[in-house]
Amino acid sequence: MKEIEQKMQGKIKRLTNKTFKFDERVRDGWFSAVYFLKTRNIVEKYRSNNTVTMQFFQKEHAILCGTDEVIALIKTFAKNPDELEIRSLKDGDKITPFETVLTVTGPYQNFGYLEGIIDGIFARRTSVATNVYNVVKAARLSGKQKPVIFMGDRDDHFTQQSGDGYAAYIGGSTAQATHAMNEWWGKKGMGTMPHALIQLFEGDVVAATQAYYETYPTDELTALVDYNNDVITDSLKVARAFGEKLKGVRVDTSRTMVDQYFCRNPQVMGSFDPRGVNPPLLFALREALDKEGFQHVKIIATGGFNAERIAAYEKQQVPVDIYGVGSSLLKIHIGFTGDNVILNGKEQAKAGRKYRDNPRLEVVE
């Protein structure tokens with residue numbers, strides 16, 4: 001049983017290093033800024049009898065993620081971690097600018113070298129969770145929640161997938177592109193076909209879809225229809241060939257291409273950008289499918305989507321049933337700061353910083 005299941009069942013309160021599998025070199029300071037390591041050495045020599053409170057915050061309205069991971073980090077690599085007092089919010093909490101999300105109290109030399117690593121965990125996890133939350137929120141502006149597939153496998157280093165997938169889950173996306181993205185929270189990756197499959201069938205979308213269906217007959221059959229830059233023609237081909245078996249078509253037209261539909265119908269152009277996936281193309285696709293009785297076929301739109309673009313589509317009632325989003329969800333734009341704000345029971349902090357109590361913090365056992 002994965003730890004996430006134990007957590008959901010109330011058997012454990014937080015995920016641990018059994019889930020995160022930290023690199024043991026953290027203990028040696030390999031990932032810590034050198035000035036933290038030097039500070040630890042100096043403090044051990046001159047100020048070893050100290051108790052500090054380190055406080056963490058950021059400056060945006062955001063969805064917090066990374067608390068379980070940070071706490072597991074501290075419990076794994078701090079010296080005498082059971083002697084530290086840790087107070088924290090939880091993954092998924094909505095947070096405000098300058099709100100304290102975590103405090104750690106104890107001898108600085110026992111945990112201070114982890115400060116930068118903690119900041120980095122919070123920054124990445126919270127950025128991804130917040131990005132996904134904003135996209136999922138945008139995808140319901142039409143009045144109906146549209147699923148969002150997290151497709152960030154090609155937009156960052158593959159070793160980041162497990163953590164990014166967990167953060168996306170916290171943000172509200174449970175459909176993800178790889179098995180690794182699901183590692184921390186329990187499901188498996190999902191997907192249909194890439195352009196490579198169609199290329200291997202010499203551009204024959206129907207033949208590629210038939211091969212897919214014969215290989216994975218229990219999947220919800222979804223065809224990728226922009227390979228030949230003629231999404232309406234190819235969508236109708238696969239719909240006619242598979243009928244009720246076809247559950248969806250995915251449109252992923254490049255932003256440097258204009259679909260053949262517009263070349264055949266130049267009279268509709270002139271008031272919008274016809275490149276890539278765009279509302280007029282999707283309206284025309286929906287109309288063409290419906291006209292031939294394929295109302296059951298869903299439209300999946302991918303390629304360059306972010307919260308703003310999805311919001312615009314939803315406000316226009318563009319007939320998209322599912323969005324696939326990748327690179328925009330991985331932009332790291334939320335930075336965290338850790339500050340020592342209390343020393344031996346008295347407030348002591350750099351100018352511009354102060355201890356900010358937060359009644360929402362919970363003591364970590």
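The values are calculated or read from the model by the stated rules, or taken from the named source; none is laboratory data. Computed from a predicted structure; not experimentally measured. Note that each Cβ is placed from the backbone with ideal geometry, even for glycine, and that neighbours are counted across all protein chains shown.
Answer yes if at least one residue in the stretch 190-201 is in contact with a Lys or Arg (Cβ under 9 Å, 6 or more places away or on another chain) and assigned by TED's automatic domain parsing to the domain that holds Val148, and no otherwise. Yes, that holds for at least one residue. If the condition is being surrounded by 15 or more Cβ atoms within 10 Å (Cβ to Cβ), under 19 Å from Gly248 (Cα atoms) and at pLDDT 95 or above, then the stretch 179-206 contributes Met193, Leu197, Ile198, Asp204, Val205, Val206. Cβ-Cβ contacts under 6 Å between residues 6 or more apart (or on different chains), taken from a first residue in the stretch 164-186 that is free of Cβ contacts under 8 Å to residues at least 12 places away in the same chain and over 16 Å from Ile332 (Cα atoms) to a second residue that is in a loop (DSSP other than H, G, I, E, B) and not β-branched (Val, Ile, Thr), are listed as His179/Lys188; His179/Gly189. Every test in (1) modelled with pLDDT of 95 or more; (2) over 22 Å from the mean Cα position of the chain (by Cα) is passed by Leu15 save one, and that test is (2). Out of Arg309, Arg356, Arg360, Arg275, one residue alone is touching a helix residue (DSSP H, G or I) at 6+ places or on another chain (Cβ under 9 Å) and either in contact (Cβ under 8 Å) with a residue 24 or more places away in the chain or surrounded by 13 or more Cβ atoms within 10 Å (Cβ to Cβ) (or both). It is Arg309. Against the criterion of being in the same structural domain as Tyr46 (by TED's automatic domain parsing), polar (S, T, N, Q), more than 21 Å from Asn49 (Cα to Cα) and touching a helix residue (DSSP H, G or I) at 6+ places or on another chain (Cβ under 7 Å), Thr76 qualifies.
Could you tell me whether Val320 is under 16 Å from Val238 (Cβ atoms) and surrounded by 19 or more Cβ atoms within 10 Å (Cβ to Cβ)? The answer is no for Val320.
For every residue, the table says whether it meets (1) polar (S, T, N, Q); (2) in a loop (DSSP other than H, G, I, E, B); (3) in contact with a Ser or Thr (Cβ under 8 Å, 6 or more places away or on another chain).
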position	(1), (2), (3)
Gln6	yes, no, no
Phe22	no, yes, yes
Arg25	no, no, no
Ser32	yes, yes, no
Leu37	no, no, no
Glu44	no, no, no
Asn49	yes, yes, no
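Checking each residue in the stretch 79-137 for being within 16 Å of Thr67 (Cα to Cα), among the polar types (S, T, N, Q) and part of a helix (DSSP H, G or I) picks out Thr126, Ser127, Thr130.
Answer yes if at least one residue in the stretch 81-90 is more than 20 Å from the chain's Cα centre (by Cα), free of Cβ contacts under 8 Å to residues at least 40 places away in the same chain and under 24 Å from Lys354 (Cβ atoms), and no otherwise. Scanning the stretch 81-90 turns up at least one residue that is more than 20 Å from the chain's Cα centre (by Cα), free of Cβ contacts under 8 Å to residues at least 40 places away in the same chain and under 24 Å from Lys354 (Cβ atoms). Residues that are of a type in the set (S, T, N, Q) and either surrounded by fewer than 13 Cβ atoms within 10 Å (Cβ to Cβ) or more than 28 Å from the chain's Cα centre (by Cα) (or both) within the stretch 240-259 comprise just one, Thr256. Any residue that is crowded, with 23+ Cβ neighbours inside 10 Å, part of a helix (DSSP H, G or I) and out of contact with any helix residue (DSSP H, G or I) (no Cβ under 6 Å at 6 or more places or on another chain) - is there at least one of those in the stretch 158-178? Yes, that holds for at least one residue.
Per the listing Thr67, Thr51, Thr19, Thr76, the residue uniquely closer than 27 Å to Asn344 by Cα and in contact (Cβ under 8 Å) with a residue 60 or more places away in the chain is Thr51.
A single entry from Leu73, Leu64, Leu89 fulfils the requirement of being buried (at least 18 other Cβ atoms within 10 Å of the Cβ) and in contact with an Asp or Glu (Cβ under 6 Å, 6 or more places away or on another chain): Leu64. For the stretch 146-157, the criterion of being farther than 16 Å from Gln58 by Cβ, of a type in the set (D, E, K, R), free of Cβ contacts under 8 Å to residues at least 12 places away in the same chain and assigned by TED's automatic domain parsing to the domain that holds Ala301 is met by none of the residues.
Looking across the stretch 214-233 at every residue that is part of a helix (DSSP H, G or I) and within 13 Å of Asp252 (Cα to Cα), the one that is farthest from the chain's Cα centre (by Cα) is identified as Ile232.
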